[in-house]
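See below for the structure under consideration.
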């Protein structure tokens, strides 16, 4: 059998390639060129070296145009409109898995493989995504938007064991990136500096403006709305308080602040809701950020979409964030936050 592995040049995808070869698959490595940078060139070079070492076929696939459209432009426009983006969710949905699946079809491969820490079980026409064995490394949050038809031909070799085991396997295989450190940054940012990235690529100016309270009273000055996020407390330069950012009014170039209670919410309204399998309405757990603990909740259908009622209020929830649904450790689906309110 033949498989295609998405190779990023890191230890996870490299080890996944070696594991699939060990299982007897004819492995073809696929590395994306998503943007021009030294960081990207180094990743491609690492992937090539691993493929050469493993004696597997390897190709670089250019997806620069679509990555700019679906990930970079989305990222910039989100901040310009005062909402919080999640580029990794969008990349998995619109770029990585679609491009890998196209590559798989082109080469007549049976399955596609990535190094994501998530577990997949197939039952006839049904696919179920589970959180990884090591919850600290779990990446299921970022995969809720991946098309189910693609998941039907996917495998995730690393989801059932901890990251330490991945490194151990990489050393046993002799892979040179076995002890390579992990980057926690967004891949296309330098030093996680999103403000500089936006300013370099946008023709807009981001003028200073007023910081106001919820009654509209001016309480300070801001340095451009793209510098602020909902729930932010530090770096506001305000006396008194403590103050928290509770709104970004990009239209009027204002940042709205309040006390902590005003950034506490328990009801979320969502758009672009997608379920892995059938629609689910009822009790579940949700995550609003990938690093958060799950919060007990209820998914409800409304006349114009879906809302989520949280059992325990959350703070600093921002429009644009992704609310992802779970039944235990089974990924149900998710959606994009439009607005949030407190009804308690």
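Part of a strand (DSSP E or B), within 19 Å of the chain's Cα centre (by Cα) and either more than 27 Å from residue 125 (Cα to Cα) or not assigned by TED's automatic domain parsing to the domain that holds residue 81 (or both): does that describe residue 312?
It is false that residue 312 is part of a strand (DSSP E or B), within 19 Å of the chain's Cα centre (by Cα) and either more than 27 Å from residue 125 (Cα to Cα) or not assigned by TED's automatic domain parsing to the domain that holds residue 81 (or both).
Could you tell me whether any residue of the range 293-307 is under 21 Å from residue 159 (Cα atoms), loosely packed, with under 13 Cβ neighbours inside 10 Å and at pLDDT 95 or above?
no
How many residues does the range 77-93 contain that are out of contact with any strand residue (DSSP E or B) (no Cβ under 6 Å at 6 or more places or on another chain), surrounded by 19 or more Cβ atoms within 10 Å (Cβ to Cβ) and assigned to a helix (DSSP H, G or I)?
7
Just to be sure I understand, how many residues within the range 69-90 are in contact with a helix residue (DSSP H, G or I) (Cβ under 9 Å, 6 or more places away or on another chain) and without any contact (Cβ under 8 Å) to a residue 60 or more places away in the chain?
Number of matching residues: 5.
Tell me which helices (runs of 4 or more DSSP H) are completely within the range 135-240 and hold 3 or more residues being closer than 29 Å to residue 73 by Cβ, or say none if there are none.
Passing ranges, in order: 148-151, 194-201.
Can you tell which of 18, 42 is over 18 Å from the mean Cα position of the chain (by Cα), assigned to a helix (DSSP H, G or I) and surrounded by 15 or more Cβ atoms within 10 Å (Cβ to Cβ)?
18
Would the range 198-208 turn up any residue that is touching a strand residue (DSSP E or B) at 6+ places or on another chain (Cβ under 9 Å), surrounded by 15 or more Cβ atoms within 10 Å (Cβ to Cβ) and either modelled with pLDDT under 95 or at negative phi (or both)?
Keep residues of the range 198-208 that are touching a strand residue (DSSP E or B) at 6+ places or on another chain (Cβ under 9 Å), which gives 208.
Checking which are surrounded by 15 or more Cβ atoms within 10 Å (Cβ to Cβ) leaves us with none.
Scanning the range 198-208 turns up no residue that is touching a strand residue (DSSP E or B) at 6+ places or on another chain (Cβ under 9 Å), surrounded by 15 or more Cβ atoms within 10 Å (Cβ to Cβ) and either modelled with pLDDT under 95 or at negative phi (or both).
Got a sec? Which of 275, 243 is under 27 Å from residue 141 (Cα atoms) and either modelled with pLDDT under 95 or in the same structural domain as residue 324 (by TED's automatic domain parsing) (or both)?
275
From 248, 291, which residue is in a strand (DSSP E or B) and within 30 Å of residue 196 (Cβ to Cβ)? Explain how you work it out, then say what you get.
Values: 291 fails: in a strand (DSSP E or B).
After applying the criteria, what remains is 248.
The values are calculated or read from the model by the stated rules, or taken from the named source; none is laboratory data. Everything numeric here is computed off the predicted structure, so don't read it as measured data. Methodologically, a virtual Cβ is constructed for each residue, glycine included, from the backbone with ideal geometry; neighbour enumeration extends over all protein chains shown.
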